[in-house]
Amino acid sequence: MNWASLSDFFAMGGYALYVWGSYGVTAGLIVVELVLLVRRRAGILTRLGRRSHTSP
Amino acid sequence: MSAGINWFKYAAPQTFYPLAGLLAAGFGVLAALFCAVGLYIGFFVAPTDHQQGEAYRIIFIHVPAAWMSMFIYLVMAFWAGIGLAFGTRLSGMMASALAPTGALFTFVALWTGSLWGKPTWGTWWVWDARLTSELILLFLYFGFLALQAAIDDPRRADRAGAVLALVGVVNIPIIYFSVQWWNTLHQGASVSFTSAPTMAATMFAGMVIMAFGFWFYSIAAALMRVRCIILERERGSDWAAQLIRSGA
């Protein structure tokens, strides 16, 4: 085990800004990509689904 | 050939669509598992580096992201080239589906590199060959996306994008060998195909497991995106219209 306490873990030996800045932005971008993909799919299904219902 | 599976069947968007859904789910689960194990090793098993302290832990996303940024480009260019040569619709869709995820990992490689460079080199950025060629890779992805977005006809957009993607392939060996060809601030490879890694075994294991996690994530994200592209482009056909109505 590398860390004596939780605050020790978050402090990252004084490199918290660099380490958490890296991991935070990476995780954030992955979440944003997944949300955009789910929304794109939902948008296609509602937009095109509605159109095909109303068209003769 | 008659006894085996007819793989060419899956070159048709109609048959690939449900398969892509299954594969996306499977690779998504694998990606979550590998990233969880990789992060555990990276933070709790791998020891503190005696030179860089804890700052080195950026390696567990920096190196896998950089590998993926180059690998996804090669796969994207491969599908773009197949589409250009054989006119297969699905190939162009795969290339388009890979580009945003490739751009994401290129940005992550640059961003984490910058945050790693500051405490270890004393600078966020330097115009050395490795960093500059990786930045050019990001612009190639953006150029590919912008070019395709600017052309209304999807088949023409595929062809134009394919030419750009194939020309840009020349940048990949430049990135990979830049640390040998030029005198760079960026260090040489710690891991290569020809020699043993010059790092602690647990550090190496964490890095490789994270690379598999990112790889599986990329597959899952690209397949989710290609399913959207298939629906958008094939919406005029009976099978796609039926799928959209049923909400599948």
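Rule-based calculations on the coordinates, nothing more; no lab input. Worth saying up front: this structure is predicted, and the values here are computed from it rather than measured. Note that we place each Cβ from the backbone using ideal geometry, even for glycine, and neighbour counts take in every protein chain shown.
Quick notes on this one:
- For chain B, a Gaussian network of Cα nodes joined below 10 Å ranks B:Val29, B:Val191, B:Val75 by mean-square fluctuation, and the top entry is B:Val191.
- Region B:138-248: C-alpha gyration tensor shape, a/c 1.5 cut-off, then a/b vs b/c: oblate
- Which of B:Arg235, B:Arg156 has the fewest Cβ neighbours within 10 Å, and the rest in rising order: B:Arg156, B:Arg235
- Pairwise label distance in nanometres, B:Leu145 with B:Val29, each label 7 Å out on the Cα-Cβ vector: 3.0 nm
- Helices of chain B meeting both criteria, an alpha-carbon length of 27 angstrom or more along the long axis and an average Kyte-Doolittle score not below 0.5, with helices taken as full DSSP H segments, are B:13-40, B:59-86, B:89-121, B:129-150, B:201-234.
- Taken over region B:1-137, the ratio of Cα radius of gyration to 2.2 N^0.38 Å equals 1.36.
- With Cα atoms as the point set, the protein assembly as shown shows a radius of gyration and Dmax of 21.3, 72 Å.
- Put a dot 7 Å past the Cα of B:Arg156, heading toward its Cβ, do the same for A:Val31, and the two dots end up 4.1 nm apart.
- Estimated [θ] at 222 nm from DSSP helical runs (n ≥ 4, -39500 (n - 2.57)) normalised by residues in chain B, nearest 500: -25500 deg cm²/dmol
- Region B:72-148: C-alpha gyration tensor shape, a/c 1.5 cut-off, then a/b vs b/c: prolate
- Binned Cα-Cα distance frequencies in chain B - 5 Å width, integer %: 1, 6, 12, 15, 16, 15, 12, 9, 6, 4, 2, 1, 0
- Chain A - Debye-derived log10 I(q)/I(0), Cα point model, q = 0.29 Å⁻¹: -1.03
- Fewest-first sequence of A:Tyr15, B:Tyr10 by Cβ atoms within 10 Å of each Cβ: B:Tyr10, A:Tyr15
- Over all other residues within a Cβ to Cβ distance under 15 Å of B:Pro119, the charged ones net out to 0, with Lys and Arg as +1 and Asp and Glu as -1.
- Sequence of B:Leu110, B:Leu22, B:Leu30 once ranked by neighbouring C-beta atoms within 10 Å, starting from the fewest: B:Leu22, B:Leu30, B:Leu110
- The mean sequence distance of close C-alpha pairs (under 8 Å, at least 6 residues apart), as a share of the length of chain B, puts its relative contact order at 34 percent.
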